[in-house]
1. For residue B:211, indicate whether it is of a type in the set (Gly, Ala, Ser), within 30 Å of residue A:28 (Cβ to Cβ), in a helix (DSSP H, G or I) and out of contact with any Pro (no Cβ under 6 Å at 6 or more places or on another chain).
2. Please verify whether residue A:253 is in contact with a Gly (Cβ under 8 Å, 6 or more places away or on another chain) and touching a residue at least 12 places away in the same chain (Cβ under 8 Å), treating the condition exactly as stated.
3. Which of the residues that make up the stretch A:43-70 are hydrophobic (A, V, I, L, M, F, W, C), under 15 Å from residue B:290 (Cα atoms) and surrounded by 12 or more Cβ atoms within 10 Å (Cβ to Cβ)?
4. Are any residues in the stretch A:122-139 crowded, with 23+ Cβ neighbours inside 10 Å and not β-branched (Val, Ile, Thr), and if so, which ones?
5. State all residues of the stretch B:100-122 that are in contact (Cβ under 8 Å) with a residue 60 or more places away in the chain and not in a helix (DSSP H, G or I); if no residue qualifies, say none.
6. If you take the residues in the stretch C:60-97 that are in contact with a helix residue (DSSP H, G or I) (Cβ under 8 Å, 6 or more places away or on another chain), without any contact (Cβ under 8 Å) to a residue 24 or more places away in the chain and closer than 19 Å to residue B:385 by Cα, which one is surrounded by the most Cβ atoms within 10 Å (Cβ to Cβ)?
7. For the stretch B:260-288, which positions are more than 9 Å from chain A (Cβ to nearest Cβ) and buried (at least 18 other Cβ atoms within 10 Å of the Cβ)?
8. Checking the structure you have, find out if any residue of the stretch A:455-465 is free of Cβ contacts under 8 Å to residues at least 40 places away in the same chain and either on the phi > 0 side of the Ramachandran plot or assigned to a helix (DSSP H, G or I) (or both).
Amino acid sequence: MSSATDAPRASFRLSQLIYDTRYRSITIQVIALILLIAAFWWLINNTVQNLAMLGKDFDFSFLGARAGYDINQMLIPYDNSMTHGRAALVGILNTLLVAFMGCVTATVIGVFVGVLRLSKNWVVSRLMAVYVEGFRNVPLLLWIVLIFALMTESTPQPRDFREGGSASLLFGDSVAITNRGVFIPMPTWGDGAAILGIVLVVSLIAAFLYRRYAKKVLFDTGRLLPMTWPALAIAIVPTVLVYLAFSFTTGGVRMQLMGAEATEGQSVAAYAEANGPLSVCMPEGTIKLNMQRMLRANDIRYTEKDFATEEGAVQAFRNGACNLVSVPAASVAAFTEGTDLAVAPLAETSPRGKPLEFEKPVLGGFNFEGGVQVRNSLIALWLALSLYTGAFIAEIVRAGILSVSKGQSEAAFALGLRPNRTMNLIILPQALRVIIPPLISQFLNLTKNSSLAIAVGYMDVRATLGGITINQTGRELEGMLLLGMFYLTLSLVISGAMNVYNSSTRLKER
Amino acid sequence: MSDTHAQTAAYVRESMIGQSAPPTGQSGAIRWMRENLFSGVTNTILTLVSIYVIWVIVSHLFPWFANSIWRADSLTQCREIRDATVGADAPAACFAVIVDRWQQLVFGFYPQDKYWRPVLALVVFLAAIAPILFQSLPRKALWFSAAAPFLLFFLLWGGSVWLPVCVALGFVIGAVAYRLLVASAGTLTATLAAIVLPLLYWLFLAGPLDAALTAVAPVGLEYVQSKDFGGFTLSFIIGVAGIALSLPLGILLALGRQSHLFIIKMISVGFIEVIRGVPLIVWLFTASLLLNYFLPPGTNFDLMLRVIIMVTLFSAAYIAEVVRGGLAALPKGQYEGADSLGLDYWQSMRLVILPQALKISIPGIVNTFIGLFKDTTLVVFIGLLDPIGLTNAIRASTDWNGVYWELFIFVGLMFFIACFSMGRYSLFLEKKLQREHR
Amino acid sequence: MERQSNQEEVNMKRTVFLGALALSGLVAGAAAAATLDDVKARGKVNCGVTTGLVGFAAPDANGKWEGFDVAICRAVAAAIFGDQEKVEFVPTTGQTRFTALASGEVDLLARNTTNTFSRDVDLKFEFMPTNYYDGQGFMIPKALGVTSAKDLDGATVCIQTGTTTELNLADFFRANNISYEPVPIETNAEAQQQYLAGACDVYTTDASGLAATRATFENPGDHVILPEIISKEPLAPLVRHGDNDWGDLVRWTVYALIAAEEYGVTSENVKEMAASAGSNPEINRLLGTEGDLGAMLGLGKDWAVNAIAANGNYGEIFEANIGESTPIGLARGLNAQWTDGGLMYSPPFR
């Protein structure tokens, strides 16, 4: 191609565009460009004509219209009076969540199985081979459906947790595994939570710095400082101390329950009977959690009004938004004097709460309430994606480990390195270079495969934007375009990020 | 040495003791188990855990399989038989649904008296693919491979025999035009003629010719509509058509991506990345919901064809990456050698590079096919009745409403057998290529 | 050399595609022309149905489609061609059904589709007479002891996606200010499995669907359908906007089935009654023994006779597919003739 000969400039003829290698490449490219533009023009022209024929327009304003449907799993607040755009965002976050969880778990499973497949243990290596072949050779869709059904059939219903039922909560009544999902305690923040968080972050950084220092000392002087225990201590001890300090100081403060139009010292049960339906103003955090516990212990039915801060709750109470609120026991007097309302403290108090407490799931009317519900659809999709992709990653890991020549480990043993150090320092770093490029494409596959959420009713972006929204508004062209753009962007971002990482670990060749 | 002993020792054994068996702990099954299963603490734990897992699975599944019922007309009847034979609480599989509906799962709604056609088509397909996959077969058989697509189309869809013949004639025209012109008018003109003449023929002559021939000699099979295809036949047709049709496009894209021409390269990279960046299910919805927007108003063709088009574009991007791998794996000397012989770009590709690159790409292409074959199950979401779609349809009949695992296990098993054997072939091929390279 | 032949083979495969393209182009024709002409030229009606819903549409072991919606398609085919087999069933999902109709892939969509304002006006379809008056209901295990849908605060509800069901549900719970947890499921079969395993407390869909689903349970008596019907779901066949002749044909075929029941014309006696003019001029006009209503639709005189002979009148179709003698066991209720206090009312044939 590049064998250009010097031709006299002056005698340019049209035929040179085809026969002269200097110009031919330009000719070809120009023709290709013209064809491409023509193809696009053709497609767009057809689309415009078809839209006109159907009497439709090309308009994204449907994203601002009321959605009208509910989504069960939301990482950001959403209800059916919000817009289609918001629903799409909820779906996008759900997609990202399951893709991220899937990638992490698939890697763990893949590495684990890949190593075990090379194990000398006959039973283990056979079992892993069965797993890998079984998952690789059956469509993912089938696995998702099967795992979803298996989980639904084999786990107990919430009903079974009632008195005399066959199931019970795990880990000190804090985790419930049901066929609607797993309910786990939700962390709730109280006074001093911010300080606790800062202390934790600072001590983690300190622990990291200590490890670096210890390593530097090892490489510089050959002196081996203890690494694991001091680092752990630096990371954990200050946080625990701060937690205990807060628990014993602010954690001991009691919150006094105040009732409008109440007589002093009346029990909340008596107040409920006298004053009809109760509504309670509660600030977010452990104060609310402990109030709920107290009211539940007294078997009180009430409606709840949530506020971000204590001041907000008190202010709303003063405005008559609710008939119960709680204030620190020390400021009861100030509170009653500062208002025109007939307010009196009731008999009950509740603790203010520790910096961090856990809200446990409790069995309600139909289902567990409180805590975090990890839904079955999420678990099934997550498991199926991880197990399926894990089988492929296992093969990649196995091939990676096998690609490191045996001489490397023999040389390491000859140097006196122990087997696990040989694995960590010699084999894995070399195997990683082989493993990472195909691993990237597995991550991409997993992310794209998360769109099979449709099979289990997980509300990902395809189900919200690409499913219900398109179906209700009839905007398939716009909806599919946005959906495609989202997945494309996500893929490019993942492969871009992984490629940066890949080039940083690549063998630096001369 | 023995001489000295003979004089000093009182007794010398004159014959060797026969070999005694190793201690029981060091031989046979016990030794094998000690070495392979219980060689250390970790290993022992792993073994025990594995055995426990196997036990749990087997103990749950075995009674269900052992009690399975194979002859019944409906799920209700299945339950009655179960209650009568093994008791109401015992788990029992109702495989009668497979006995009743296996034909539908395999052939879809293909007319029952014409089942021989897809079966024969499978045989033809295997015979046609054999010379490509196994190099030891006679090369003449490749002519049969070249004719097979038309035969397959005719067998599966039926209709007049002249349609595939007339279409095939276009290629003959192209080939003949190239042969005749290449000597007199040069490669460029000949190539142009080989492209333009068949196109003109297909656009203006093929239709009337087909009609005329059909009128003169109405030979053919009964026409079967695409809507009647279903089950594994559908999966297989979409998978095979997708891969076979995407090969030329995939090779062109791979060459485009390697090209020095900036615009060509950008177009190829753009196409490949866009296709690969978006999930197949979104493309399938595009095929089902949007393709009609992109084509001239009034165009309308059946969903199966739309899906095949989309799947072809989809797998072309993947094939392109596989072929690119093959191209990159060739030593640079091959490219330089072809250049030094004075071959132009297309000659060097056609005669030197592609034959080698494609050969090492075959395992990758087979793997892509396995992936695509599995992914064909996604067409269920746009209303085509693939095996999984059919399980829904079967469960919607009053007879089999409520059947669950039996159908999925059957479908899964069929997919496993097909994909596993193809995977083994690709592995065999990879090993063979490795040996050849050494 | 061998690679070259391979290449050729590959190229040749591409033509199959071209050939198929040409072929289907011939078969499908242009959608722009009048639908009835297209249908007649094709020799078949393309009818969109569900991928499978008990009692309404499902293929049997021989691949023959059966059900309530299917019978409507067959009646239309019989009215046009005099042969109820001249119909091609196209399975569609909740997601793809409207596109299939809009793009001309099907001529008629008989897929338990609710008639709503936005579908009629915004999505540009034309709804035919309602062939089944339905409403969204709730099914719940008896053991839970719930008697009213208003007691469902905090319940987990299984719904089918891509339907009006999820919007109705959101509206109902919002109006009653109670909370719920939706579990969206793609197909009826999956939803049923989830409900039976107790993954949701309540299953909600059209009341007919609930009855059909309950009928196939191992212990139907353990489940109750709550009295509340929270929405109006008039299920009707639909066609594209803009081809009124075709719309008229389908509309009056459905009316003919309804009228036939009113006048006592059944698949048994229709041939006999059509043989000669009887005493009732309305029946005579319907069956073509007097006047020629068929010609006005572009069909033969015996169009209604054929439509009725195919699967019987409306009542017969109902009884055979979803009526009380079938496992589904739906009562006529709102779908009885107006003379029996129902809503089935055909305008006069004159």
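The values are calculated or read from the model by the stated rules, or taken from the named source; none is laboratory data. The shown structure was predicted, so the numbers you read here are calculated from the model rather than taken from an experiment. Note that we place each Cβ from the backbone using ideal geometry, even for glycine, and neighbour counts take in every protein chain shown.
1. Values: of a type in the set (Gly, Ala, Ser): yes; within 30 Å of residue A:28 (Cβ to Cβ): no; in a helix (DSSP H, G or I): yes; out of contact with any Pro (no Cβ under 6 Å at 6 or more places or on another chain): yes.
Spelling it out, it is not the case that residue B:211 is of a type in the set (Gly, Ala, Ser), within 30 Å of residue A:28 (Cβ to Cβ), in a helix (DSSP H, G or I) and out of contact with any Pro (no Cβ under 6 Å at 6 or more places or on another chain).
2. Values: in contact with a Gly (Cβ under 8 Å, 6 or more places away or on another chain): no; touching a residue at least 12 places away in the same chain (Cβ under 8 Å): yes.
Spelling it out, it is not the case that residue A:253 is in contact with a Gly (Cβ under 8 Å, 6 or more places away or on another chain) and touching a residue at least 12 places away in the same chain (Cβ under 8 Å).
3. A:43, A:48, A:51, A:53, A:54
4. Residues of the stretch A:122-139 crowded, with 23+ Cβ neighbours inside 10 Å: A:128, A:138-139.
Those that are crowded, with 23+ Cβ neighbours inside 10 Å and not β-branched (Val, Ile, Thr): A:128, A:139.
5. B:108, B:109, B:110, B:111
6. C:96
7. Answer for the stretch B:260-288, where residues must be more than 9 Å from chain A (Cβ to nearest Cβ) and buried (at least 18 other Cβ atoms within 10 Å of the Cβ): B:268, B:271, B:272, B:275, B:284, B:287, B:288.
8. Narrowing the stretch A:455-465 to residues free of Cβ contacts under 8 Å to residues at least 40 places away in the same chain: none.
There is no residue in the stretch A:455-465 that is free of Cβ contacts under 8 Å to residues at least 40 places away in the same chain and either on the phi > 0 side of the Ramachandran plot or assigned to a helix (DSSP H, G or I) (or both).
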